[in-house]
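What follows is a short report on a single structure.
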C-alpha cells in the first residue's frame, strides 16, 4: 500500500508572529533574556495588582462556580522586545526593551453574538491630523494609556481565568487557585470595545466631537474654526491643538492613567513623527 503524504502543518497566528520576531518564546531564549522577561512579567503582574484586575478564588467558592458550569479560560504570557525594530544587520548594539502582557484566550470563551468591534483611526485620519498640524504650525503629541483595559468599566459577566505557568504571586503557587476577573482582560473578545466605549465618552465629554465619517477621529471646533484634532488607536492617542486649548487635552489625560506623553519626535502606530514647527 503506498504511503500517504503527511498532512501539511499550518503555523498558528502566534507562531507566525514569533517567526517574524514580533513575539518572544520564553523557553527558547537565552538565560539573560529570560531573566529580563522575569522582570517584565513581574512588572505586568504588579499592574494587575494595582488596578485590582482580578482576585484569587479557590476552595468551596471555586467549586460552586465550576459546578454551575463556569469554565476557566486559559491565559498566556505575550513577551515582546520593543527595540527589535531598531536593530540592523551590521549596525550598533541595541539593548532589549522588554515588555510582557498577561492575556486571556478569549477565543476559547465560547461567547456568541457579543459585540467586539472597537474602531481605530484609519490612515486617512492620521494624514488629516498630520497635515492640519503642519498647516497650522502646531506641535503633534502622543500619549500612551497605561493598562487601558483595566481602566474600563467592570465586567458584566463572570470570567474565570486559569493562571499561566510562572505567575509571580504566592497566592497561586499551589496551583489550586484561579483568577476571578473584575475588569476586561487583554485577549477577551470584547475588551477592546469596552475600553473604546469608555475612552470615547471621556473624549467627547471634554468638548471634542467624533467625526461622522471617520470613527476614532475627534475634532475640537469653536465658532466654525477647528482648534484641535485627536485620533485614537486602542490605548494610544495622538493630537494637536492650537495655543490655549491644551487644558482640554489635560482634562482627558486626568481621567485616565497615562504612561507617557511625547512630542516632536515619536512613533505612533508604526509611524515616525517629525517636528511640526510651533
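Given 104, 121, 133, 125, which one is closer than 22 Å to residue 217 by Cβ, surrounded by 15 or more Cβ atoms within 10 Å (Cβ to Cβ) and within 19 Å of the chain's Cα centre (by Cα)? Let's see the steps before the verdict.
Working: 104 fails: closer than 22 Å to residue 217 by Cβ; 133 fails: within 19 Å of the chain's Cα centre (by Cα); 125 fails: within 19 Å of the chain's Cα centre (by Cα).
One residue alone meets the criteria, 121.
Name the helices (runs of 4 or more DSSP H) wholly inside region 1-69 in which the number of residues that are surrounded by 13 or more Cβ atoms within 10 Å (Cβ to Cβ) and modelled with pLDDT of 95 or more is 2 or more. Working first, answer last.
Numbers: elements: 13-19, 31-50, 59-67.
Because the criterion is at least 2 residues that are surrounded by 13 or more Cβ atoms within 10 Å (Cβ to Cβ) and modelled with pLDDT of 95 or more, the helices (runs of 4 or more DSSP H) in region 1-69 that meet it are 31-50, 59-67.
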Restricting region 234-247 to residues that are under 25 Å from residue 192 (Cβ atoms) and not in a strand (DSSP E or B), which is modelled with the highest pLDDT?
-> 234
Scan region 130-170 for residues that are under 18 Å from residue 181 (Cα atoms) and assigned to a helix (DSSP H, G or I) and jot them down.
-> 148, 149, 150, 151, 170
Kindly indicate whether any position in region 108-115 is surrounded by 18 or more Cβ atoms within 10 Å (Cβ to Cβ), touching a residue at least 60 places away in the same chain (Cβ under 8 Å) and touching a helix residue (DSSP H, G or I) at 6+ places or on another chain (Cβ under 9 Å).
-> no
Residues of region 173-188 that turn out to be crowded, with 17+ Cβ neighbours inside 10 Å and either in a loop (DSSP other than H, G, I, E, B) or out of contact with any helix residue (DSSP H, G or I) (no Cβ under 7 Å at 6 or more places or on another chain) (or both), as a count | 10
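The values are calculated or read from the model by the stated rules, or taken from the named source; none is laboratory data. Bear in mind that the values here come from a model prediction, so they are computed numbers and not experimental data. All Cβ positions, even for glycine, are placed from backbone atoms using ideal geometry, and neighbour counts span all protein chains on display.
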